[in-house]
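Values in this text are rule-based calculations from the coordinates and carry no lab data. Owing to the predicted nature of the structure, the values given are computational and were not obtained by experimental measurement. Every residue, glycine as well, gets a Cβ built from its backbone with ideal geometry; the counts of neighbours run over all protein chains shown.
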Amino acid sequence: MTLTALIASYGYYALFVGTFLEGETVLIAAGFAAHRGILNLSWVIAIAFIASTLGDQLAFLIGRRHGERLLQRFPVLRRKAPVVQALLDRYHIPLILGLRFFYGLRIAGPFVIGMSSIPFLMFALLNMAGALVWAAVVASAGYYFGIVLEVWITDLKQFEETVLAIILAVGAGIWLWGRRRKSKYPDIYR
C-alpha cells in the first residue's frame, strides 16, 4: 500500500491522534495532503481543532486532579512547571491562547495550568480559541507549502509521496534530535 493510499484511508485518524498529543508535523503533512486532494482542508482543520482541544482539556483536568502527585513522579513536568507558572502569573490569557505554539509546553502547559486557580470554563474557552487559530495556521502552512512546491515542480503529482515522506521524516528527525540533546545535555534543559 502506498503512502498516499495509507493517508487517504487512515489520514484523519492519524491526524486526530497526532494533534491530540502534539502534532505539528502531522498537521503540516495533512495540510499538504489536502492541497494534493488526498484529504479535505476543512476536515483537517476541524479534526485538528477538536483533537488538540480535547488533548489540552484532558491535560488540564489531569493537572487539576492529580497535579502534585504527577509532578513528583515525572521530572520533566517538575522542571517545566516553574516556567509555565511564571508565564501564567504574568500573561495568563496570551499564554493559554498561544500555548500550543510553544514547542515543549503543549503537554506540560495545560497540565500546570490545571494546577492553578484558572477556572475550567475560562481555560476551555481560551483553549478552543487557541486551538482554532493553531489548526488553521498550521494546516494552511502545509497547504500553501504545496502551492509553493507546485511553482517549483511542475509535475508535483509524481513527487507527492516523496514530499509527504520528507515532511514526516523531518518532523521525526527534529523530535529525535530534541530528545537526544535533552539526554546529552540534561543540565541545559532543566
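Applying both filters, DSSP loop and at most 14 other Cβ atoms within 10 Å, to the chymotrypsin sites (Phe, Trp or Tyr not before Pro) of the range 51-138 gives PHE102, TYR103. Extension gain, THR4 to ILE174: 0.36 nm times the residue separation minus the Cα-Cα distance gives 58.9 nm.
Once the Cα atoms are used to define both axes, helix 41-73 deviates from the longest principal axis of the chain by about 30 degrees. Ordering ILE62, THR2, ALA124 by the projection of their Cα atoms onto the charge dipole of the chain, which places +1 on the Cβ of Lys and Arg and -1 on the Cβ of Asp and Glu, puts ILE62 at the extreme positive end. Quick one: if the Förster radius is 25 Å, what FRET efficiency do ARG90 and ALA129 give, using the C-beta to C-beta distance and rounding to 0.05? It comes to 0.80. With the simple spin-label model, which puts each label point 7 Å out from Cα in the Cβ direction, the ALA46 to PHE159 separation comes to 3.3 nm. Helix 160-184 and the longest principal axis of the Cα set of the chain meet at an angle near 30°.
For ALA141 and VAL83, a Förster radius of 25 Å and the Cβ-Cβ distance give a FRET efficiency of 0.45, rounded to the nearest 0.05.
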